[in-house]
Amino acid sequence: FNHAVYYFSHFRNAVYTLDIAGVEQPFLANHFSLITIFYSPLYYVFGSYTLLVIQIAAILFGGFFIYKYSLLQFEKATALPALFVVHFFSIWGIYSALSYDFHNNVLGAMLVPAFVYFVEKRKIAWSLVFTFLILFTKEVSSIWLVFIVLGLSVKNRRNIRQTFYKMELPILLISIIYGIVVIFWLMPKLQGSSQNLQFQRYQYFGNSLSDMVVNFAKNPKLIFDALFLNTTNDISYNYIKIETYIMFLLAGGVFCFYNPAFLVMLISIFAQKFLTNDYALWGINGQYSIEFVPIISLATIDFVRKIKTSKNRKIIAITIVLLTVVSNIKTIDSRQSKWYDAANTNFYNSAHYTTDLNIDEINTAMSLIDKDASVSATSLLVPRLAFRDKIYHFPITKNADYIVLLKDRNYYPMNEASFKISLQNIRKNKQYFVLFEGADIVVFSRVKKLCFFGKSY
């Protein structure tokens, strides 16, 4: 995303060059996130910290509108809105997202409380503003927004009969049309493909969307297996989905069953998370749980609102906050989901704030790299090197002027053995020489050819 921000901030169409297979394509072919264009000017203010600032600001914004929404439900009970804000900020999905990376679906999820707030207030103009902002975060947000609006329509069915066609219906139509155009026409066109390549992660159920629908209709058990079971042949991925369901219920997801309108809002989220053949999406890691956060929070508020006595409301609210905090801390320390690094998440441990890498050495090494040069780098270093035309994910090097590698960590997409072999091959490559080498980092620079009278030497 830093690379896309660089392109857009210079009024250029962003090109995605970090594919681990070396394929280059328009950024919007990978994720149709128009909102990236809107915040890209902040690059001139925050530099490589831009995405971090935006993501944190978005989460705070989401919490603010959870507070505003709570005030609508509990106007006289000042303690309860504050408790619901604590609950919101205690849900595991926020910590997993912040500890992993930046993604625009975090922004989309954090805009949902504001969208729901303005829909509940029947503010048509503001509802439309947040409709488009959510749509612009990611292509699949259009699908999610359809189910959110359907859920809200079910929830408020007795109060919106006269105004449904003025607000909910237009938003539904906008979301459906936007989703069809972007997902089924525009993205495949940008990808140079007959169908959206994002569907490849669902090939377990069919080679196309129509194949999947037919297979599910013929064998409904496939849906049950996908939702609850490990659909790979590797037993090490057992119970990842179960862990997600347990966290969902403990954080307040159980209240979605009390008012199924909130379950309707999550139909597409459960589907895109569990129908994939990618185990990384099944669990509670990364940004893949962030969409649960606002819906769980809203469902909890709705449940507590219907409790008659103030005392019981506070008891339930405090209990769910404690359950959410305790379950979050438990999974911060350890979890079933794979490829989890507790140090990135565990903010109450000193290891979260320290590193054994020599930062001064790394900064010195990166300062030697020309700003306009093409670079191939270890993924951990890419965000600091992304503000240039060409940045590749090692081992893809192509025409890179520099190759910048951490020597003893962050080997993805290779294992340690293959990384070491690749590193040795670069050392032997006469096209590169070692510009800088320290304990943690090595920088290779391409040998520059001299040109005299039209000949290179």
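Coordinate-derived values only; no laboratory data. Just so it is clear, the model here is predicted, and its values are computed rather than measured. We place every Cβ from the backbone using ideal geometry, glycine too, and count neighbours over all the protein chains shown.
Summary table
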| read-out | value |
| --- | --- |
| Kirkwood hydrodynamic radius (C-alpha pairs) into Stokes-Einstein, region 359-456, 20 °C and 1.002 mPa s, D in µm²/s | 155 |
| Hz values of 3J(HN,Hα) by residue in region 94-105 - Karplus curve (6.51, -1.76, 1.60), Gly and Pro given as x | 5, 5, 5, 5, 5, 7, 9, 5, 9, 8, 5, 5 |
| Estimated vicinal HN-Hα couplings, Hz - region 224-235 in sequence order (Karplus 6.51, -1.76, 1.60; Gly, Pro = x) | 4, 4, 5, 6, 10, 10, 6, 8, 9, 9, 9, 5 |
| Relative packing of peptides 308-317, 270-279 - highest average C-beta neighbours within 10 Å first | 270-279, 308-317 |
| Ellipticity estimate at 222 nm from DSSP helix runs (n ≥ 4, -39,500 (n - 2.57)) divided over the chain, nearest 500 | -15500 deg cm²/dmol |
| Cut-off under 5 Å, modelled amide H: who pairs with Asn285 long-range | none |
| Using a Förster distance of 35 Å, the FRET efficiency for Ile180-Lys398 (Cβ separation, nearest 0.05) | 0.45 |
| Packing rank of 361-370, 321-330, where each peptide gets the mean count of other beta carbons within 10 Å, highest leading | 321-330, 361-370 |
| Inter-centroid distance (Cα atoms) of region 12-90 relative to region 303-332, Å | 26 |
| Ranked by how many other beta carbons lie within 10 Å on average, peptides 30-38, 136-144, 176-184 from highest | 136-144, 30-38, 176-184 |
| J(HN,Hα) series, region 63-73, from Karplus relation 6.51 cos²θ - 1.76 cosθ + 1.60, nearest Hz, glycine and proline x | x, 4, 7, 5, 5, 4, 5, 4, 4, 5, 8 |
| Contact order relative to length of region 31-345, as percent, for alpha carbon pairs under 8 angstrom and 6 or more apart | 26 |
| Linear extension gain, Ser194 paired with Leu322, 0.36 nm per residue minus alpha-carbon span | 41.1 nm |
| Order of Ile396, Ile320, Ile307 under a 10 Å beta carbon neighbour criterion, fewest first | Ile307, Ile396, Ile320 |
| Answer label, with Cα Rg over 2.2 N^0.38 Å calculated from the coordinates and candidates (1) 1.18; (2) 1.07; (3) 0.99 | (2) |
| Inter-site label distance for Ala342 and Lys121 at 7 Å from Cα along Cβ, in nm | 4.3 |
| Separation of alpha-carbon centers, region 226-267 and region 384-435, rounded to whole Å | 39 |
| Rounded to 5, percent antiparallel among DSSP beta bridges of region 359-456 | 65 |
| Pairwise Lys count, region 335-457 - Cα closer than 13 Å, eight or more residues apart or different chains | 6 |
| Cross-link table Lys155/Lys218; Lys68/Lys330; Lys68/Lys138; Lys76/Lys273; Lys155/Lys189, entries beyond 28 Å C-alpha to C-alpha | Lys155/Lys218; Lys68/Lys330; Lys76/Lys273; Lys155/Lys189 |
| Dipole magnitude of the chain about its Cα centre (Cβ charges: Lys, Arg +1; Asp, Glu -1), debye to nearest 20 | 1180 |
